[in-house]
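This report refers to the structure that appears directly beneath it.
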Amino acid sequence: MASVSKVLIVEDSLTMGRVLSYLVRQKLGFNPVVKASLEQTRQYLNEGYDPDLVAAVVDLNLPDAPNGEAVDVVMDKGLPVIVLSGLVDPETRRTLLEKGVVDYLNKEGRYAYEYVIKLIRRLVYNPGIKTLVVDDSRVSRGLMVSLLRQYNIDPMEAANGAQALELLQQQPDIKLLITDFNMERMDGFELTTRIRQQYSPEQLVIIGVSSVEDDGALSAKFIKSGANDFLQKPFSHEEFHCRIMQNLELMEMIQQLNRAASTDALTGLSNRRHFFEQGSKLLKQADAEQQSVCVAQLDLDHFKQINDNYGHEAGDQVLVAFAQLLEQHFPTQLCGRMGGEEFALVLPGSDAQQAIQLLEQFQLRINEHTWRYQQQPLSVSCSIGLSTDAGDLDERLRLADQALYRAKAEGRNRICSGN
């Protein structure tokens, strides 16, 4: 069983500790570890390294540590620290941020607790986000790299736009790029413009930075070139982190909306609209490359009986399991749920004989799979109609549907071709 992440909460207020514990459990699904003093914290940390600890939320004023000593103790263990304190002191804030805490928040603010949860979530998810910092100044580049590492991001570096494009070509899954404006060989504007020819703002976040005095024209030009945001040097640590977090969250939110609009909510396969969009593209590409393409319609046999006899929850479980088997058997092909118990496949590069062989193997896999609902055995099979004719996706699906109807009429659990 996978372990559950933990958040260390160092807080002597019983009420505050309970509020933070509740949010950590409810919003993140993590386990809170609450300590009310420096001594308790030190004892807990000295028991040994806990790999499940992902972050710490630390109060500055504890009964046995009134001057923020607990922050140093926790940071010495290499744990990211978020300071949540009632003490509002600009000098203390500056000192702690320079020391390397993730952030310094006033616990009196109503939004502070929600913001702490957002910070912890980012600390957990950020290591998977590939990032590139582009700046011809080693000092400036080093500062941004250091700030990103505080947020659990270990970025790649490039000294100019040309190097950045080479890295992007080698690693096209980079999600965040921070680029200076004034660089030799290729400045930030040209780099941004070149990148936007291939990547949309939802695929790759670009943040422009510059030390050139700006009356608004520079930042506007960056945005108009395709950047998501702009930062004027010198910037504060907090502003840098806030912009990074805000842009990453916006990108992820748009990606989630796109996934929701293109996938079937129950099975996770392509929904009907997305299937038609992607399937039509695959057919055009195959035609251009003179590749054969087959299209199949698949329908679960006697599915209504499962719903009638065992309920819709059982039917949903069967649909989910069937979709998983479909994806596993056809990992590189386009799979979609067309509605109800009906599914569809586009098989580029497969002629009729190859497609029938693949579908027969899948049908055998369905027949041999153990289907159960609440320990009750279920009988599950599928009928398949195959189209190998030319034409657009609508025409091919129509022919596959006719073949599917024949497969049902001839006894089900079989494959018929539309030819």
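The values are calculated or read from the model by the stated rules, or taken from the named source; none is laboratory data. Quantities reported herein were computed from a predicted structural model and do not represent experimental measurements. Every residue, glycine as well, gets a Cβ built from its backbone with ideal geometry; the counts of neighbours run over all protein chains shown. For accessibility, only protein heavy atoms count, side chains too; no ligands or nucleic acids. Shrake-Rupley method; radii C 1.70, N 1.55, O 1.52, S 1.80 Å.
In table form, for the structure just shown:
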item	result
Percent carbon-and-sulfur accessible area, the chain, ignoring ligands, DNA and RNA, probe 1.4 Å	47 percent
0 to 90° range, to nearest 10: angle between helix 312-329 axis and the chain longest Cα axis	90 degrees
Above-threshold pairs, the threshold being 20 Å between Cα atoms, out of Lys27/Lys118; Lys77/Lys175; Lys175/Lys281; Lys175/Lys284; Lys27/Lys130; Lys118/Lys224	Lys77/Lys175; Lys175/Lys281; Lys175/Lys284; Lys27/Lys130; Lys118/Lys224
Selection from Gly336, Leu147, Pro377 lying farthest towards where the dipole of the chain points positive, charges on Cβ	Pro377
Chain lengthening between Arg138 and Glu69 when straightened (0.36 nm per residue, less Cα-Cα)	21.5 nm
Burial order of peptide ranges 292-305, 232-245 (average beta-carbon count within 10 Å, highest first)	292-305, 232-245
For the chain: accessible area per residue (Å², 1.4 Å)	50 Å²
Using a Förster distance of 22 Å, the FRET efficiency for Gln361-Glu410 (Cβ separation, nearest 0.05)	0.60
Listed residues Ser270, Ser225, Ser350, most fluctuating in the chain (Gaussian network, C-alpha, under 10 Å)	Ser350
Normalised contact order of the stretch 1-151, rounded percent, pairs of Cα under 8 Å and 6 or more residues apart	19 percent
Matching label, percent of Cα pairs over 40 Å apart computed from the structure shown, candidates (i) 11; (ii) 42; (iii) 22	(ii)
Dipole-positive endmost among Leu28, Ala227, Gly68 within the chain (Cβ charges, Cα centre)	Leu28
